[in-house]
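What follows is a single structure, written as structure tokens, with notes after it.
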Amino acid sequence: MSDNKVIITIKNNGPLRVEGGNFEIRDAAGGVFNLNGRTAVSICRCGASSKQPFCDGAHTQCEFKSEVQAFELPAK
């Protein structure tokens, strides 16, 4: 993985995994979350995490189901 490339992986039945280069996560008002040096975080997709927007594993308790496969978006 390149030092500046950020990769987002959609985990089946789980979170979005953000890994890689220099990224930051902001709230709707533009506030920046302090990631304390992490180069990878998991973002909740199920809505049940008590640590929103980050995953705390709650998807296993609420039986969240979502499996996706990559596809090509239509041209703009």
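The values are calculated or read from the model by the stated rules, or taken from the named source; none is laboratory data. As the structure is a computational prediction, the values presented were derived from the model and not from experiment. Reconstructed Cβ throughout: ideal geometry from the backbone, glycine too, with neighbour counts over all protein chains shown. Areas reflect the complete protein model, heavy atoms only, side chains present, ligands, DNA and RNA absent. Shrake-Rupley method; radii C 1.70, N 1.55, O 1.52, S 1.80 Å.
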* Counting only residues that are in contact (Cβ under 8 Å) with a residue 12 or more places away in the chain and β-branched (Val, Ile, Thr), which one in the stretch 21-44 is nearest to ASN4 (Cα to Cα)? -> THR39
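The rows are residues; the columns are (1) loosely packed, with under 10 Cβ neighbours inside 10 Å; (2) touching a strand residue (DSSP E or B) at 6+ places or on another chain (Cβ under 9 Å); (3) among the polar types (S, T, N, Q).
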| position | (1), (2), (3) |
| --- | --- |
| VAL18 | no, yes, no |
| GLU24 | yes, yes, no |
| THR39 | no, yes, yes |
| CYS46 | no, no, no |
| SER50 | yes, no, yes |
| ALA58 | no, no, no |
| GLN69 | yes, no, yes |
| GLU72 | yes, no, no |
* Restricting the search to the stretch 17-46, which residues are in a strand (DSSP E or B) and modelled with pLDDT under 95? -> GLY20
* For residues that are of a type outside the set (S, T, N, Q) and open to solvent by 70 Å² or more (accessible area, probe 1.4 Å), tally how many sit in the stretch 1-16. => 6
* Name the pairs: first residue in the stretch 48-76 and under 30 Å from ASN36 (Cβ atoms), second residue exposed (fewer than 10 other Cβ atoms within 10 Å of the Cβ), Cβ to Cβ under 6 Å, at least 6 apart or on different chains? -> ASP56/SER50
